[in-house]
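The structure appears below as structure tokens.
The values are calculated or read from the model by the stated rules, or taken from the named source; none is laboratory data. Remember, it's a predicted structure, so these values are computed and weren't measured experimentally. Here the Cβ is made from the backbone with ideal geometry for all residues, glycine too, and neighbour counts use every protein chain on show.
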Amino acid sequence: MKNIKNLTILLVCSCFIINHFYNLSTYLINFASWGDDFLFLSYFSDLPSLHGIAFLKRTSEFHNYVHRFPFARIVTAIYWFFNDQFNFKELTIWANLFWVTLLYPFYQLFKRYSINNWHLIAMVGLLFAPNSNLDNFNLIGVLQHGTSVVFLVWCAYWISNPKTQTWGIWVALLYPMFSTEGLAFIPLILALLIYQRDKRLWLFAFLSALVIFLYFLGYDRPDSEGSGTSLMNKLVFTIQGVIIFVGGFIKKNILQSTFIGLIFMANTAYICWRYHQTKNPMLLFSVLILLQIMLTGAMITLGRGNAISGDYMVLFSERFYSYGTIFLVITYVAALSPELYPARIPLLVSLIPAMGWVVASACLAIPRLDNFSIRLKAEASNAYYFDLNTQYPLYERDVYLLKKSGKYTFPASILPISGIRNFSKDIKITQIPSYDKDLVEFTVNKEGVLLVYQAEKPSYFLPINSLSHSFKFNKDVHYDQRTSQYVVYPNE
């Protein structure tokens, strides 16, 4: 009977993982999901000429002034060692294997604290829920955010285990190599050492200062005007942002995400209190991860939000889904700790809502992944025919890398264009407000992709979002609604 149970758990968990990689294989194409993905094609192309100090500088250089992610570039360098051609889809799929490594620390925790293995089904289901993993479909998302979260979980696992705590504490100093939020994890570990009255505090503090100094070595502060907000307003804005960030993963609505976020934060506070009372290592594991994700939300709010206008919409971006996924998984795992609640939670009480979330996530993901795939094909076609992208700027360097560097080959899914003049006559287009200040958005009564003709010449493709029945493009893209003509490519 025990073997049948374990085999069933293994098969169900394997189905979740296989489905995730099936979706990656089905919906991705060999093209950049976002403009930041070109960073890795550029780095890949430069690698043959990089040696010694030049390699170290290029690998650790800043992105958007403040971000460093050497580990993501090192992964790209390893990929380059085995490949002559850069493939966005292939590298994205390989990078997603880091996500699978999380199964080991979770399984060991379940085993150590005698937690029913049936809960592994819910844990793996939540971890690989399709709609919760959309950030892992972007190359920079999985290489920066994804690897950052994976490192966080492993580091918390080592630190929470008395046998490996020393190793975990020193390894934590490497977190800034994965992503900028690693800078917030170092003070968190300092606070833990102070709380535990650990003798390693002063050495860790010295090395922390050295790590932070090295991180900002060569930092070039961008020219910017003052925000015009007081310190108190920024503090309030940040606290509200953290609440919304935590709850926004469940519901992308300011009011509802605030309510959900408050519940999650109250639960996190209770977990912290129970750890203080019990010193249970499993609760410490949860505390470190939950607090770090909240600190990450604070950094994102300050760096990407708008305190002057009180704009929190960036917190709902798909590029932060990895953090929300782990926050939900850790909240579930913490609830299983025998030290958290006096009575064990019945198996069905926790499994049913968790699996309900997984099923709902799978249903919600299908149209979003379809839209994602359509957008990729349209933008790859734009780059192939017109040397542009309608969602984000495509620079000369990017065009060179795509067409002349010899390191990239366009996918076969490029949309056809030659000889097409079957203009649609019944298109109704209306402009609507856009959530992004840099984008213009219109509703349209068609589905698929629009090929826009201007001055009797094909100009660019516009993918239509089937959920919002709209298309959007960057304000820099020339568009004249009165004179434009359209060819419609229906969804396949």
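What the table below lists for this structure:
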| read-out | value |
| --- | --- |
| Test: residue in the stretch 192-208 that is under 30 Å from Cys363 (Cα atoms) and modelled with pLDDT of 95 or more | no |
| Residue list for the stretch 240-256, restricted to those being in contact (Cβ under 8 Å) with a residue 40 or more places away in the chain and either in a helix (DSSP H, G or I) or hydroxyl-bearing (Ser, Thr, Tyr) (or both) | Gln240, Gly241, Val242, Ile244, Phe245, Val246, Gly248, Ile254 |
| Residue match in the stretch 6-17 (condition: hydrophobic (A, V, I, L, M, F, W, C), part of a helix (DSSP H, G or I), under 21 Å from Glu379 (Cβ atoms) and at pLDDT 95 or above) | no |
| Some residue of the stretch 50-72 being touching a Leu at 6+ places or on another chain (Cβ under 6 Å), surrounded by 15 or more Cβ atoms within 10 Å (Cβ to Cβ) and within 28 Å of Trp158 (Cβ to Cβ) | yes |
| Any hit, the stretch 49-56, residues being under 22 Å from the mean Cα position of the chain (by Cα) and among the hydroxyl-bearing types (Ser, Thr, Tyr) | no |
| Single residue of Tyr27, Tyr22, Tyr79 found to be without any contact (Cβ under 8 Å) to a residue 60 or more places away in the chain and either surrounded by 15 or more Cβ atoms within 10 Å (Cβ to Cβ) or under 26 Å from Tyr384 (Cβ atoms) (or both) | Tyr79 |
| Breaking point among (1) surrounded by fewer than 21 Cβ atoms within 10 Å (Cβ to Cβ); (2) among the hydroxyl-bearing types (Ser, Thr, Tyr); (3) within 30 Å of Phe38 (Cβ to Cβ), for Tyr113 | (3) |
| Answer residue from the stretch 85-142, given it is among the hydrophobic types (A, V, I, L, M, F, W, C) and outside any helix (DSSP H, G or I) and is nearest to Val358 (Cα to Cα) among those | Ala129 |
| One residue from Lys404, Lys475, Lys446 being basic (Lys, Arg), farther than 26 Å from Ile366 by Cβ and at pLDDT below 90 | Lys475 |
| Unique match (being free of Cβ contacts under 8 Å to residues at least 60 places away in the same chain, more than 30 Å from Ile29 (Cα to Cα), in the same structural domain as Met282 (by TED's automatic domain parsing) and of a type outside the set (Asp, Glu)) among Ile169, Ile159 | Ile169 |
